[in-house]
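**Q** Submitted below is the structure of interest, expressed as structure tokens.
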Amino acid sequence: MSARGCSHLDAIGSIKQPQRLECKECVKTGDYWVHLRTCQTCGITLCCDSSPNQHASKHAHASGHPVIASAQPSERWLYCYPDEAFAEY
Ligand SMILES: [Zn+2]
Ligand SMILES: [Zn+2]
Ligand SMILES: [Zn+2]
């Protein structure tokens with residue numbers, strides 16, 4: 001992992017992949033989402049900051065889970081919220 005000064009990204013071994021390509025919160029309320037992100041601590045898949053509800057960011061801040069991975073099939077990157085650090089894999 002080529003992260004600069006982020007211990008969270010350094011600690012990621014295998015990437016957690018989404019179990020289903022849907023936001024777990026938006027499907028409950030019938031909302032739509034733009035892109036999906038998967039929490040690398042607990043594995044939940046939620047929607048990105050371009051989506052109306054921004055569930056992935058809310059989850060990260062509420063739970064303290066620092067790292068998400070893009071759940072888009074064409075994208076292979078991780079993001080750490082506390083360090084604002086990106087890493088491709
Ligand atoms: Zn970090
Ligand atoms: Zn959502
Ligand atoms: Zn989580």
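The values are calculated or read from the model by the stated rules, or taken from the named source; none is laboratory data. Since the structure is predicted, the reported quantities are computational estimates derived from the model, not experimental observations. Glycine gets a Cβ as well: all are built from the backbone with ideal geometry, and neighbour counts include every protein chain shown. Note: areas computed on protein heavy atoms with side chains; ligands, DNA, RNA excluded. Shrake-Rupley method; radii C 1.70, N 1.55, O 1.52, S 1.80 Å.
**Q** Would you tally the net charge around Glu25, using a Cβ to Cβ cut-off of less than 9 Å, leaving Glu25 out, and scoring K and R as +1, D and E as -1?
**A** With Lys, Arg at +1 and Asp, Glu at -1, the net is +2.
**Q** Also, I was wondering about something else. Restricting to DSSP loop positions (anything but H, G, I, E, B) with no more than 10 other Cβ atoms inside 10 Å of their own Cβ, which trypsin sites (Lys or Arg not before Pro) remain in the chain?
**A** Answer by residue number: Arg4, Arg20.
**Q** Using a 1.4 Å probe over the heavy atoms of the protein chains, calculate the carbon and sulfur portion of the accessible area of the chain as a whole percent.
**A** Carbon and sulfur: 46 percent of the exposed surface of the chain.
**Q** Multiply the residue separation of Arg76 and Asp31 by 0.36 nm, subtract the distance between their alpha-carbon atoms, and state the gained length in nm to one decimal.
**A** 13.7 nm is the gain from fully extending Arg76 to Asp31.
**Q** What FRET efficiency comes out for Phe86 versus Leu21 if R0 is 22 angstrom and r is the Cβ-Cβ distance? Round to the nearest 0.05.
**A** Efficiency computed from Cβ-Cβ geometry: 0.50.
**Q** Further, regarding this structure: What is the sum of charges, Lys and Arg at +1 and Asp and Glu at -1, for the other residues whose Cβ falls under 13 Å from the Cβ of Cys39?
**A** +3
**Q** Quick one: net charge of Gly64's neighbours, Cβ under 14 Å, K/R +1, D/E -1?
**A** Around Gly64, the charge tally is 0.
**Q** At 1.4 Å probe radius, can you tell me the per residue accessible area of the chain in Å²?
**A** 59 Å²
**Q** Counting other Cβ atoms within 10 Å, keep those with at most 16, restrict to DSSP loop, and tell me which chymotrypsin sites (Phe, Trp or Tyr not before Pro) in the stretch 23-80 are left.
**A** In loop regions of the stretch 23-80 (DSSP not H, G, I, E or B), the sparsely surrounded chymotrypsin sites (Phe, Trp or Tyr not before Pro) are Tyr32.
**Q** A further question follows. Over the chain, what is the mean sequence separation of C-alpha contacts under 8 Å (at least six apart), divided by residue count, expressed as relative contact order in percent?
**A** Across the chain, relative contact order equals 28 percent.
**Q** Using only Cα positions of the chain, each an equal point scatterer, no hydration layer, compute I(q)/I(0) via Debye at q = 0.15, 0.25 Å⁻¹ and quote the log10 values to two decimals.
**A** -0.49, -1.29
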